[in-house]
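First up is the structure itself, then whatever we jot down about it.
Coordinate-derived values only; no laboratory data. These numbers come from a predicted model, not from an experiment. Note: ideal-geometry Cβ built from the backbone for every residue, glycine included; neighbour counts use all protein chains shown.
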Amino acid sequence: MSANNDSIGKTITVTVLLCVVCSVIVSAAAVLLKPQQIANKNLDRQTNILAAAGVDYQGKDIPELFASTITKKYVDLATGKYTDVADPARYDAKKAAKDPELGIKLDKSVDAASIKYQAKVMPVYLVEDSGQIEKIILPIHGYGLWSTLYGFIALEGDLNTVVGLGFYSHAETPGLGGEVDNPNWKAIWPGKKVYPDGSMEPALGLIKGSVDAASANAEHQVDGLSGATLTSNGVTNLVKFWMGANGYAPFLANLKTGGA
C-alpha cells in the first residue's frame, strides 16, 4: 500500500521547503535590487534639490545636470563652519542623528521641529559662479500632523531670500496637510524673507488664512494650509528651527562674513 500523500509530515515538509525557497528568492531580489534602489533614491534627492533651487531639469540627464550645477559640502552645526566627513559617499544625516558619536539628543525646550535627534553635521548644496554663492539649498525636516516632513529650502546668494521650498517625503493627509505638495502653494514661497533686516532670528512662517500684501510683515509670511492647522504649524516650526540658532543660522552668519 502506498504511503498517504496527505500525511502531516509531508505537509510540513512541503511548507518548510516552500518557505525556504520563497525566502531565498526574496533575499536574492533584495540584494540584486539594492543598487537600483540606492540609485533611484539618489536620483529623487537630486531632482528635489534642483527643483528647490529653481533649476530647470525637465527632459535633462539629472545626474549630469546635478554634477555640473550643484556643489555638495558639509557643515558642522555647532561651529557653523564647513567640515569633512569620514565617508561622504555613505554619510546619512538621518542615521547619524541617532548615532551617539555623530548626533545629539535635543532637549524639548529647543526642539521646535519635534525631531528628537539631530545630526551634528549636515550636508548643504551650493550653486556657485566663479566661487560666489548664487543659491544655497538646505535640508530641513520636522513633524507635521501625522508624519515627519523631509525637504529642502533654497535661498538666494543674499542668504535670506527664498528661492523655493519643497518636501520629498511625508505622510500628511491628502487634500489637507498633503497640500504641502500643491504647486500653487509652493509658488508662494519664492521671494519671501527668512530674517528681518539686521537679525539672524527667523521670522518666516505660515499664518492662518491668506497674507495681506499690504502688511508690514508680508515678506515673512506664507498662506496657511486650509483645514490643516497642525501641518501648517509644523512647517512653521521646522523652518524656524532649521533656520535658527540650533540649525543653519550660525553657518549663514559665518558665510555672510566670509568665515565659513
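Candidate membrane-span-like segments in the chain, meaning DSSP H helices with Cα atoms spread over at least 24 Å of their own axis and a Kyte-Doolittle mean of -1.0 or above, are 8-52, with no membrane implied. When +1 charges are put on Lys and Arg Cβ atoms and -1 charges on Asp and Glu Cβ atoms, the dipole computed for region 70-256 relative to its Cα centre reaches about 440 debye. Given axes a ≥ b ≥ c from the Cα gyration tensor, I'd like to know whether the chain is rounded (a/c under 1.5), prolate (a/b larger than b/c) or oblate. Since a/c reaches 1.5 and a/b is larger than b/c, the shape of the chain is classed as prolate. The ranking of 235, 20 from fewest to most other beta carbons within 10 Å of each one's beta carbon is 20, 235. Among 242, 189, 146, the order by Cβ neighbours within 10 angstrom, fewest to most, reads 146, 189, 242. Sorted ascending by nearby beta carbons within 10 Å, beginning with the fewest, 122, 200 become 200, 122.
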